[in-house]
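Participant: Structure provided below as structure tokens; questions to follow.
The values are calculated or read from the model by the stated rules, or taken from the named source; none is laboratory data. On a predicted model such as this, the values are computed, not experimentally measured, just so you know. Ideal geometry is used to build each Cβ from the backbone, glycine not excepted, and the neighbour counts take in all protein chains shown. Side chains are part of the model used for accessible areas, which takes the heavy atoms of the whole protein and leaves out ligands, DNA and RNA. Shrake-Rupley method; radii C 1.70, N 1.55, O 1.52, S 1.80 Å.
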Amino acid sequence: IDPSQMGKGYGARLLAHACEIAQQQGYTKMILEADPHAEAFYLKHGFKTVAQKESSIARRYLPIMEKQLD
């Protein structure tokens, strides 16, 4: 999402659509590597941080997040 469009609900709608498609295809869990600045967004939408992965940038870690799909 372009930063100028953040906070308008586009990300939430895209995420809900991605979860819906995953469920239709039989998936029961979604796992992702998030940008550290987006972690709060995913937490708000039901994801949990389960691990961290070191990025290619020194001393920067990416949250590994997952959500059970109902």
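Participant: Please list, ordered by first then second residue, the pairs with beta carbon atoms under 9 Å, 6 or more apart or interchain, first in the stretch 41-63 and farther than 15 Å from LYS29 by Cα and open to solvent by 60 Å² or more (accessible area, probe 1.4 Å), second β-branched (Val, Ile, Thr) and part of a helix (DSSP H, G or I).
Facilitator: Pairs that qualify, where the first residue is farther than 15 Å from LYS29 by Cα and open to solvent by 60 Å² or more (accessible area, probe 1.4 Å) and the partner is β-branched (Val, Ile, Thr) and part of a helix (DSSP H, G or I): there are none.
Participant: Can you tell me which residue is modelled with the highest pLDDT among those in the stretch 1-11 that are loosely packed, with under 13 Cβ neighbours inside 10 Å and assigned to a helix (DSSP H, G or I)?
Facilitator: TYR10
Participant: While we're here: Output the residue which, of all residues in the stretch 25-39 that are assigned to a helix (DSSP H, G or I) and not acidic (Asp, Glu), is least open to solvent (accessible area, probe 1.4 Å). Before the answer, list the steps.
Facilitator: Step one: list which residues in the stretch 25-39 are assigned to a helix (DSSP H, G or I), which gives 36-39.
Filter once more, so that each one left must be not acidic (Asp, Glu): 36-38.
Working: PRO36: 46, HIS37: 167, ALA38: 28 Å².
Once the filter is applied, the top-ranked residue is ALA38.
Participant: Quick check on this structure: which one of ALA22, ALA16 is surrounded by 15 or more Cβ atoms within 10 Å (Cβ to Cβ) and without any contact (Cβ under 8 Å) to a residue 60 or more places away in the chain?
Facilitator: Numbers: ALA16 fails: surrounded by 15 or more Cβ atoms within 10 Å (Cβ to Cβ).
Answer to the selection: ALA22.
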